[in-house]
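Presented below is the structure to which this report refers.
The values are calculated or read from the model by the stated rules, or taken from the named source; none is laboratory data. Remember, it's a predicted structure, so these values are computed and weren't measured experimentally. No Cβ is skipped: glycine too gets one built from the backbone with ideal geometry, and neighbour counts run over all protein chains shown. Heads up: the accessible areas ignore ligands, DNA and RNA and are worked out on the full protein's heavy atoms, side chains in. Shrake-Rupley method; radii C 1.70, N 1.55, O 1.52, S 1.80 Å.
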Amino acid sequence: MTKFPDNFLWGGAIAANQAEGAYLENGKGLSIADILPVGETRIQKVSLQINENEYYPNHTAIDFYHKFEEDIELFAELGLKCFRTSIAWSRIFPNGDELEPNEDGLQFYDRLFEKLLSKGIEPIVTISHFETPLYLVTEYGGWQNRALIDFFDRYTKVIFDRYKKQVKYWMTFNEINHTHTLPLIAAAVDVMDTATEQEKLTILYQASHNMFVASGKAVLNGKKANNENQIGCMLSLSPIYPATCNPNDVFESYQLRRRSLFYSDVQLRGRYPAYFQRITEENKLILDIQKGDLDIIRKGTCDYLGFSFYRSSLHESGMKILGNTGGLIGKKNPYLKETEWGWPIDPLALRYVCNELTDRYEKPLFIVENGIGLKDIFDSQGNIIDSERMWYLKEHVEAMGEAIKDGCTILGYTWWGPIDIVSAGTGEMEKRYGFIHVDKQNDGTGSLKRTKKASFNYYKQVIASNGQSLNYENYLNGGRNYD
């Protein structure tokens, strides 16, 4: 067995927009997440207006805004050492461009962090988790506009100062490499729909540059507020394999991977990589890089690399890249089983990625998202014996342990999510990740009652043993053993 560090941060992770609800309560403004209806095309076909005939699951989510105290009691029973969540930017600055923050919003996170700390749970905070205030998209055009650098700067100064005694671990942008697959981050949808391919790339890379500058300034703000703050970047880094040994497959997969690693290259090394020069020349990109930008990026490098990992992808030369929150949907891998939603299950890939990133950056890693979406089934006694989730957890903890043996420095592991939340990709509730079931269905009906699944006590065992006790036989109660 791998001996995990004594201070290893076992935890769980959610996002404000997928859990809190209360989407306009106590002064909160609309965010880009609030205009995404339920359905598989919610991210590809976006209207900037709320349609009264549509159902928007993020508006109520699981009502964590009102139920966080009872949920944190469950997290404490689970034994979580840390809990990752985000601060909803539009709860602090409803439109994003105000000069003064919304005090009601700040007080909500005061209470949330105080409750976590009272239970011995370390808050891990994502500053922007696909929650840009909608007004900054409709009125300023999104992150392609440099004005957002200053708005984000004001926002980060406020929260770093406010929570400097409560929060030590931060991340600037969630899955920043999805700027390419979630164009709403970069610009208004109608702009992207009518732009040429060259114009789209210019918008995407300009938005990325502006976010790099904003992230650098945030790191500097955070260190000024409390020099002990640990501020990371966060990427989606499930790996990409070539479908064959055809050199075209191999090199195209490498280039595709580098498109993601471009973001961590800049945020961890503090400079643009050499290969970006060819990208700019071949695509005739003319970016607005102003005096002082590169110095901020250089000085504001991140302390660690947080990343999400769910699956691997298989890429064949010429294959169309589909943009969604899960990343790449590639060719089926005959060596791997898949979830009901078609996601390959590949625990060894987690070890692979940890080694890949350690070799490239030699910085601490934080696995801040890993989990499996399943439909919950109650047995005749009213129990949920989610044996596949327990097996998935066991296999990935073992892979993480092997990566530590390989020499990777891993700060912690936060399962996505410890309680059922709204799916980012489809808006579903029935694609469930949690150890705690929430009685809510895809159409929004349900009592919101919380019920512990069998995996709740299994993860409790894993944490209590610091990753040493991984046998889940005691929790099967008639469920299937996947080993």
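So here's what we get for this one:
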quantity	calculated
Any hit, segment 1-14, residues being open to solvent by 20 Å² or more (accessible area, probe 1.4 Å), more than 13 Å from SER90 (Cβ to Cβ), touching a Lys or Arg at 6+ places or on another chain (Cβ under 7 Å) and part of a loop (DSSP other than H, G, I, E, B)	no
Complete set of residues in segment 129-148 that are open to solvent by 10 Å² or more (accessible area, probe 1.4 Å) and within 22 Å of the chain's Cα centre (by Cα)	PHE130, LEU134, GLN144
Among residues of segment 60-90, those that are more than 18 Å from TRP170 (Cα to Cα) and either part of a loop (DSSP other than H, G, I, E, B) or of a type outside the set (Ser, Thr, Tyr) (or both), counted	19
Check on LYS157, over 23 Å from the mean Cα position of the chain (by Cα), of a type in the set (Lys, Arg) and open to solvent by 60 Å² or more (accessible area, probe 1.4 Å)	no
Helices (runs of 4 or more DSSP H) lying entirely in segment 180-291 (those with 2 or more residues that are more than 26 Å from THR138 (Cβ to Cβ) and open to solvent by less than 30 Å² (accessible area, probe 1.4 Å))	197-225, 247-269, 275-282
First in segment 468-482 and closer than 19 Å to PHE378 by Cα, second anywhere and in a loop (DSSP other than H, G, I, E, B) and at pLDDT 95 or above, Cβ under 6 Å, 6 or more apart	ASN477/ILE385; GLY479/ILE385
Matching residues, segment 351-391, being modelled with pLDDT under 95 and either buried (at least 17 other Cβ atoms within 10 Å of the Cβ) or touching a helix residue (DSSP H, G or I) at 6+ places or on another chain (Cβ under 6 Å) (or both)	none
One residue from ALA61, ALA88 being touching a helix residue (DSSP H, G or I) at 6+ places or on another chain (Cβ under 7 Å), closer than 18 Å to ASP439 by Cβ and in contact (Cβ under 8 Å) with a residue 24 or more places away in the chain	ALA61
Only listed residue being among the small types (Gly, Ala, Ser), in contact (Cβ under 8 Å) with a residue 60 or more places away in the chain and open to solvent by less than 20 Å² (accessible area, probe 1.4 Å), chosen from SER317, SER313	SER313
Condition broken by THR409, with the remaining ones in (1) in contact with a strand residue (DSSP E or B) (Cβ under 9 Å, 6 or more places away or on another chain); (2) under 17 Å from ILE14 (Cβ atoms); (3) among the β-branched types (Val, Ile, Thr) satisfied	(2)
Counted residues, segment 292-324 - those being out of contact with any strand residue (DSSP E or B) (no Cβ under 7 Å at 6 or more places or on another chain), at pLDDT below 95 and over 20 Å from ILE203 (Cβ atoms)	5
Yes/no for THR414 being under 25 Å from LYS81 (Cβ atoms), surrounded by fewer than 17 Cβ atoms within 10 Å (Cβ to Cβ), polar (S, T, N, Q) and in contact (Cβ under 8 Å) with a residue 40 or more places away in the chain	no
Test set (1) closer than 24 Å to ASN477 by Cβ; (2) modelled with pLDDT of 95 or more; (3) out of contact with any Gly (no Cβ under 8 Å at 6 or more places or on another chain) - LEU348 fails condition number	(1)
Of all residues making up segment 164-179, the number that are of a type in the set (A, V, I, L, M, F, W, C) and open to solvent by 30 Å² or more (accessible area, probe 1.4 Å)	0
Complete set of residues in segment 392-411 that are open to solvent by 30 Å² or more (accessible area, probe 1.4 Å), aliphatic (A, V, I, L, M) and touching a helix residue (DSSP H, G or I) at 6+ places or on another chain (Cβ under 9 Å)	ILE404
Condition check for TYR109: under 22 Å from the mean Cα position of the chain (by Cα), crowded, with 22+ Cβ neighbours inside 10 Å and under 30 Å from ILE463 (Cα atoms)	yes
